[in-house]
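Below you'll find the structure, written out as structure tokens, and then a few comments.
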Amino acid sequence: MNPMQEKNLEVRRAYNANLGNSVVKALETNGFKARYVPTAEEAVKAVLELVPEGSSVGVPGASTIRELGLFEILGSRGCRIVQHWDPSLAPEDRPGRWEEENMSDVFLTSSNGLTLDGMLVNIDGTGNRVAAMAWNRNRIIFVVGINKVSRDVEASLQRIRDVATPLNAISKDIDLPCAKTGYCVNCKVPQRFCRATLVLERAPFGRDVHVIVVGENLGY
Ligand code: SF4
């Protein structure tokens, strides 16, 4: 790394910490239990502090959680991962797996978006993920990379459609118009991803909701 690259990295770290800590304060104001960690490695440690050994852990379609390598680590601590992204799962068994995922001891996910005033913004195709974010009766943990922070709900929805969804479509090899254009065209195709939108303005009543904001880019 040359001196300029080192300097830029240092500046970015300081910026991410300032932004991350600001968002954490806003999340706490909204009733979420939130903390900022600078690196992915520390995000893993923060998750492990919140997941009891031997618990069932439901993970929906969340590339951030897989990127952190949490399945292997949680498995080694006796946790049972419940996920519908399982290639051996027969299509007729998928609805049952969604329900099991959503009712696990811990629901571990990311969020498509996070606003400066501490709201979590998500768009789903099937609706299973947003349902659990609002209704899992046990512990809910969000791990959110700094790349997902936007000014407000409108900017967050725009980022999800223009950035997250095209990347998601490319990663799943799904033929969506935004995967080709690189931005949302408000498509009408049958395979359209964007169908159910959830904005968690506050932590839902009676729920134990944690948000770990990470000072690195994670997921989409
Ligand atoms: S509405 Fe269609 S084009 Fe726009 S982000 Fe969603 S899937 Fe892509």
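Apply the Karplus curve 6.51 cos²θ - 1.76 cosθ + 1.60, θ = phi - 60°, to the phi angles in region 83-96 and return the couplings in whole Hz, x for Gly and Pro.
8, 8, 7, 10, x, 7, 6, 6, x, 6, 8, 5, x, x
Between the alpha-carbon centers of region 1-31 and region 103-169, tell me the distance in whole angstrom.
For region 1-31 versus region 103-169, the Cα centre distance is 20 Å.
Show me the GluC sites (Glu not before Pro) within region 32-77 that DSSP assigns to loop and that have at most 14 other Cβ atoms within 10 Å of their Cβ. If you can, show how the numbers build up before the last one.
Values: sites: Glu41, Glu42, Glu49, Glu53, Glu67, Glu72; in loops: Glu53.
For GluC sites (Glu not before Pro) across region 32-77 that sit outside H, G, I, E and B with at most 14 neighbouring Cβ atoms in 10 Å, the list reads Glu53.
With n ≥ 4 as the cut-off for DSSP H runs, can you work out [θ] at 222 nm for the chain, using -39500 (n - 2.57) per run divided by the number of residues, rounded to the nearest 500?
Details: 9 runs with 87 residues, N = 220.
When only DSSP H runs of four or more count, the value is -11500 deg cm²/dmol.
Determine Rg/Rh for the chain; Rg is computed over alpha-carbon atoms and Rh is the Kirkwood hydrodynamic estimate from the same atoms. Could you put the intermediate results ahead of the total?
Numbers: Rg = 17.2 Å, Rh = 17.9 Å.
Expressed as Rg/Rh, it is 0.96.
Count the DSSP beta bridges whose two residues both fall in the chain, then state the antiparallel fraction as a percent rounded to the nearest 5. Write out the running numbers ahead of the final one.
Working: 7 of 30 bridges.
Bridges in the chain that DSSP calls antiparallel: roughly 25 percent.
Non-local amide H neighbours of Ser56 (under 5 Å, H modeled in plane, Pro and chain starts lacking H): which ones?
Here Arg80, Asp105, Val106 satisfy the definition.
Among Val209, Val153, Val185, whose mean-square fluctuation peaks in a Gaussian network model of the chain (Cα, cutoff 10 Å)?
Val185
Compute a Gaussian network model of the chain, connecting alpha carbons closer than 10 Å, and tell me which residue from Arg137, Arg161, Arg94 fluctuates the most.
Among Arg137, Arg161, Arg94, the largest mean-square fluctuation in the Gaussian network model of the chain belongs to Arg94.
With a 10 Å cut-off between alpha carbons and a GNM built on the chain, which of Ser111, Ser56, Ser22 moves the most?
Highest fluctuation of the listed residues: Ser22.
Loop only by DSSP, 14 or fewer other Cβ within 10 Å of the Cβ. Give me the trypsin sites (Lys or Arg not before Pro) in region 60-105 that pass, ordered by residue number. Display every interim value, and only then the final one.
Numbers: sites: Arg66, Arg77, Arg80, Arg97; in loops: Arg77.
Sites meeting the loop and neighbour criteria: Arg77.
Bear in mind that the values in this text are calculations on the coordinates, not laboratory data. In this text, all values refer to a predicted model and were calculated from it rather than measured experimentally. Using ideal geometry, Cβ is built from the backbone for each residue, glycine included, and neighbour counts are taken over all protein chains shown.
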